[in-house]
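Notes follow the structure.
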Amino acid sequence: MTTHPTTPFDGQKPGTSGLRKKTAVFMQPNFLENFVQATFNAIGGVRGKTLVLGGDGRYFGTDAAQVILKMAAASGAARVIVGQGAWLSTPAASNLIRKRSADGGIILSASHNPGGPNEDFGVKYNMANGGPAPESVTEAIFARTKEITEYAKFDAPDVNLTAIGESHLGAMVVEVVDPVSAYADMMEEIFDFKALRGLFHEGFTMRMDSMCAITGPYAVEILEKRLGAAKGTVVHETPLPDFGGMHPDPNPTWAHELMVEMMGASAPDFGAASDGDGDRNMVLGRGVYVSPSDSLAVIAANAHLVPGYAQGLKGVARSMPTSAAVDRVATALGIDCYETPTGWKFFGNLMDAGRVSLCGEESFGTGSDHVREKDGLWAVLMWLNIIAARGQGVAEILAEHFERFGRNYYSRHDYEALPVDQANAMLNDLRDRLASLKGTQNHGLIVENADEFAYTDPVDGSISVQQGFRILFEGGSRVVLRLSGTGTEGATLRVYLERYVPGPAGLNEDPQEALGPIIRATEEIVGIRARTGRAGPDVIT
Ligand code: VG1
Ligand code: CO
């Protein structure tokens, strides 16, 4: 028997990046099966198709991979290419889908969310272009989850995923591949590995914190083995099912070990961290933190120094809450700059249409059209290549960038696990007052405009509404507010703060100080602390 009756589960709606739930929710009988079958149903079945499968090594990942293999076999898939041990970083999965001309892929990850039996798990479907399914597809998946009555699953013993090679599950081929090599080879094509080897040979020092998540094997192979960085450059390099208790979100709060090292007296020249599934990055110089929005702008301004982008960028795109630092670079380069809703799925059409080569988000995500996901190690290599080509350190590069373009002071304040009703009431109330905010003065700042962001995709014309509130102040400062779509507990309010200073004076302020007036004006307008009773944000980036 391969057909099993089932009934729908509530709440199988994919969020910003796939379906994320507490691991125990995913482990309920039929929960994963329902979602996978709904995905197959929504994409017109998998008969005769080739899929890529892998994840970030978190708890339940290998069990989930076995279930998906048996379901793909029962539904007639021709081949599933799976990373050894069910491991694939998100950018490596995207690359494999593209390189192997697969019809799509399934990524088992809750990305920057912690992992383990009491933490989070996730499943995400990617398209033939290697990118996350667009909203039209995630909505179709959700619709199918609500009407599901049965799923197909092959009754067979588990497949051996530890050894590289091919085996059969019924008529379907299971091809277990080395998760790292194709990705590392692609990096050699994009970057000047000779120059990077020279950099490390001359004594350049680096710390890469893989946070016990998936980038460890990739970083060891690329940085230590192929580029000759000292052994031990990569720390927390073994992926563990619970990430060793770490919260693999590369920001100053969660990557605190790296922060302490980089701000200390014996800091190496360069520091970086990545997240659970390897698509995020945080970069640091000795004593300097690079805000992700600034990192995107610096990469855009210097991309031509990297062999893979020597011909220049086609255009750039950033998510709406990301600072406008990259916009200034685009203007200087004479290229287009697109503003999209939060989430990498909105960049896919722009890249496929050849309109942009570089994309980024303020949430430590940067990437290019080499794949259709953001890519943590790629961003690290971009910085290393730029450092090698310019012969300058992070601090000098950043200072010169600010002198040339001015500085977009930027910070994000997150209020986590708020009661859902309270968060919704606060934002619904703000929506009702948006129109009347214009012209009001709050802590000395005059509101120039206030709206709710909606996006019309310039390639396929699809429309996405309610993508975040924007309050623009006279003088170019702004605050953006939206609720997270990746959390699994309560509501997380994200408050994005930005203020532009053209320079030459005032380029070296502490961002929290520089943004003080906007923080106070936001409190006056929205009343976050007053309404939630919180003394301040849980995470500041
Ligand atoms: C967050 C970030 C968003 C990012 C998404 C997935 O979404 O804000 O920029 O694309 O995570 O990143 P949200 O809805 O929680 O704000 V990852 O590395 O978790 O796939
Ligand atoms: Co991620």
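The values are calculated or read from the model by the stated rules, or taken from the named source; none is laboratory data. Quick caveat: nothing in here was measured; it's all calculated off a predicted structure. For neighbour counting, all protein chains shown are included, and Cβ atoms are generated from backbone atoms with ideal geometry for every residue, glycine included.
A few notes on this one:
- Pairs with Cβ under 8 Å, 6+ apart, first in segment 358-376 and assigned by TED's automatic domain parsing to the domain that holds Gly348, second of a type in the set (A, V, I, L, M) and within 14 Å of ligand 2 (Cβ to nearest atom): Phe364/Met282; Thr366/Ala379; Gly367/Ala379; Glu373/Ala93
- Hey, Leu284 away from ligand 2 (no atom under 16 Å from the Cβ), in contact (Cβ under 8 Å) with a residue 40 or more places away in the chain and either β-branched (Val, Ile, Thr) or within 16 Å of Ser368 (Cβ to Cβ) (or both) or not: no
- Candidates in segment 151-199 are the residues that are among the acidic types (Asp, Glu) and assigned to a loop (DSSP other than H, G, I, E, B); of these, the one that is surrounded by the most Cβ atoms within 10 Å (Cβ to Cβ) is Asp192.
- Here the condition is being in the same structural domain as Ile387 (by TED's automatic domain parsing), β-branched (Val, Ile, Thr), at pLDDT 95 or above and assigned to a loop (DSSP other than H, G, I, E, B); of Thr238, Thr253, it holds for Thr238 alone.
- Every condition in (1) within 24 Å of the chain's Cα centre (by Cα); (2) surrounded by fewer than 18 Cβ atoms within 10 Å (Cβ to Cβ); (3) not aliphatic (A, V, I, L, M) is met by Lys438 except one, and the failing one is (1).
- Single condition Val371 does not satisfy, out of (1) more than 16 Å from ligand 1 (Cβ to nearest atom); (2) among the hydrophobic types (A, V, I, L, M, F, W, C); (3) part of a loop (DSSP other than H, G, I, E, B): (1)
- Residues that are in a loop (DSSP other than H, G, I, E, B) and surrounded by fewer than 24 Cβ atoms within 10 Å (Cβ to Cβ) within segment 256-289 comprise Gly264, Ala265, Ser266, Ala267, Pro268, Asp269, Arg286, Gly287, listed in sequence order.
- Residue selection: Ala152 fails the criterion of being at pLDDT below 95 and within 23 Å of Thr2 (Cβ to Cβ).
- All conditions but one from (1) in contact (Cβ under 8 Å) with a residue 60 or more places away in the chain; (2) within 16 Å of ligand 2 (Cβ to nearest atom); (3) of a type outside the set (Gly, Ala, Ser) apply to Leu108; the one that does not is (1).
- Residue count, segment 107-140 (criterion: under 12 Å from Phe243 (Cα atoms), of a type outside the set (D, E, K, R) and either in the same structural domain as Ala213 (by TED's automatic domain parsing) or away from ligand 1 (no atom under 13 Å from the Cβ) (or both)): 2
- The residues in segment 200-215 that are surrounded by fewer than 24 Cβ atoms within 10 Å (Cβ to Cβ) and in a helix (DSSP H, G or I) can be counted, and the count is 2.
- Of all residues in segment 330-357, those being away from ligand 1 (no atom under 14 Å from the Cβ), surrounded by 24 or more Cβ atoms within 10 Å (Cβ to Cβ) and either touching a residue at least 60 places away in the same chain (Cβ under 8 Å) or part of a strand (DSSP E or B) (or both) number 1.
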